[in-house]
Structures are given as C-alpha cells and as structure tokens.
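The values are calculated or read from the model by the stated rules, or taken from the named source; none is laboratory data. Nothing here was measured: the structure is a model prediction, and the numbers come from that model. Methodologically, a virtual Cβ is constructed for each residue, glycine included, from the backbone with ideal geometry; neighbour enumeration extends over all protein chains shown.
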Amino acid sequence: MKAKSEIFGGVVTGVYLLCVCALVYLKRATLSDLELNAIGDFLAGVFGPIAFLWLVLGYLQQGRELKLSSEALILQAVELKNSVEQQKELVYITKLQVDSELERTRSIREKREKEIMPELVVSVGSCICFGNECFTSFELLNDGAAIFKVAIEFGGRLNNLSCIIPEWPKGKVFNFEIKFNSDEPLIDEVVTVAYSDADYQTKVAYFEVKGFPSLGENEFAYLEVNPRISLPV
C-alpha cells in the first residue's frame, strides 16, 4: 500500500511538473519582466499543490500505518493470551506429572516398607504352678523380614529377661521363661522391642505382659502377652 501511494504521488507530481514546464516554456518571453515578488508568488503557486498532495498522501499513509500497528497490537494481545493459556495447560500437565510421580514414589515406599517389615508373633505356653510358685513361658517369632540390632527390654519385675540380638532373621524364635508367685501382685509390664530394618530405620514394637494368679482351687494362674503398638522412631 505504501509503494502504491509513492507511485501515485510520483506520477501525479511528474505530470504536474511537466505541465508547469510546458507553461513556463510557453510564457518564457514574459518571465524576464516579472519582479521578484511575482516570481515568489509563481513558485509558491507552482509547488503549493505538490506539497499539499504529499501532505495528504503522508496523512493517509500514517493512518494506514496506525491501523496496521493497532492490528499488530491486537494480534500480539491474542498471541499473549494464547501463550498464557498454553502456560496454564503446561502448569496443569506438570502438576499432574508431579502428582503422578509423588504417588508412584509413595507406592514404591509403601511397598518397600511392607517388604522390610518384620511380623512379630507371640505365643504363650501353659502355666505350671507348684504351690504358690508358677512357671510359664512365651515365644516371640519373627515371621516377616529380618531385622537388626534388636534390643528387647522388659520393664519392672521382668527386667532380668532383657537382651540384645544382633540379627533376627525370618523364622527365628526366642523363648522367654517367667516365674511368679500366685500371691504376688499382678504382673503388668511392657516389653519394648527396638530394632533397625533393612533400610537402617529405627522402629519400636511394644507388648503388654499381664500375669493373673489363681483365685481359687478350680482356677489356674495364666499369662497374657499382647502387642500394643508399633511406631517409627
């Protein structure tokens, strides 16, 4: 469009100047008689239309450029909006990927925790009494993954049974014998089993040990050992 305006202006200007030249040629005999102010008026009259023509063409060209600039700004705004939408979609997709990775990591961690988790199973033997003296035992079996640096601590009256085990593999059983008198207070102690798993994480399991003496000729003393909680440290 700019080239067309320049061509049009150039053609019109050229034709106009040719006409002026023709007019000057025809009036050449009288030009020498003109005074300076008349010559100035002549030149102003000659070049005034050309200046006005190019002023109008420049104004029109400026309007077209402003319109193109506005359209370019609108296109940039649309592209910026599209870019923002794309960034939002990218952020959403990234969030989904992160959530998926976190879920996968959590699933792997839970699976690993189950693989290295011990399963401490307790079984209590029968209670044998000779007069007031009663004897019983219970077994702790690890039916899960191997654990290490095991510290078994008995509280209170059963403290003498505490021990440390370097490694407790699956299937290994430890037996603990307990002696108590039927006329003594009830046994109510806590056994703490602290250990490290295969990932070197320290955990603790607790067991409650309760002994019940006989209350009559037809009732026998007995012992209960029950797991209480298992917590990471």
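Scanning the range 112-139 for residues that are among the aromatic types (F, W, Y) and within 34 Å of the chain's Cα centre (by Cα) returns no hits.
When the test is whether a residue is within 17 Å of G211 (Cα to Cα), assigned by TED's automatic domain parsing to the domain that holds V225 and of a type in the set (K, R), K170 does not pass it. Considered as a group, the residues in the range 151-186 that are at pLDDT 90 or above and surrounded by 19 or more Cβ atoms within 10 Å (Cβ to Cβ) include one that is farthest from M117 (Cα to Cα), and that residue is I152.
In the range 153-167, the residues that are part of a strand (DSSP E or B) reach residues that are exposed (fewer than 11 other Cβ atoms within 10 Å of the Cβ) with C-beta atoms within less than 9 angstrom, at least six apart or across chains, in these pairs: E153/N159; F154/N160. Only one of the numbered conditions (1) more than 19 Å from F207 (Cβ to Cβ); (2) among the small types (G, A, S); (3) part of a strand (DSSP E or B) is not met by A72, and that is (3).
The set of residues in the range 7-27 that are at pLDDT 70 or above and either in contact with a helix residue (DSSP H, G or I) (Cβ under 9 Å, 6 or more places away or on another chain) or outside any helix (DSSP H, G or I) (or both) comprises F8, V12, T13, Y16, L17, V20.
Among the residues of the range 190-208, are any of a type outside the set (S, T, N, Q), at pLDDT 65 or above, over 46 Å from the mean Cα position of the chain (by Cα) and in a strand (DSSP E or B)? Within the range 190-208 (the criterion being of a type outside the set (S, T, N, Q), at pLDDT 65 or above, over 46 Å from the mean Cα position of the chain (by Cα) and in a strand (DSSP E or B)), the answer is no, since none of the residues qualifies.
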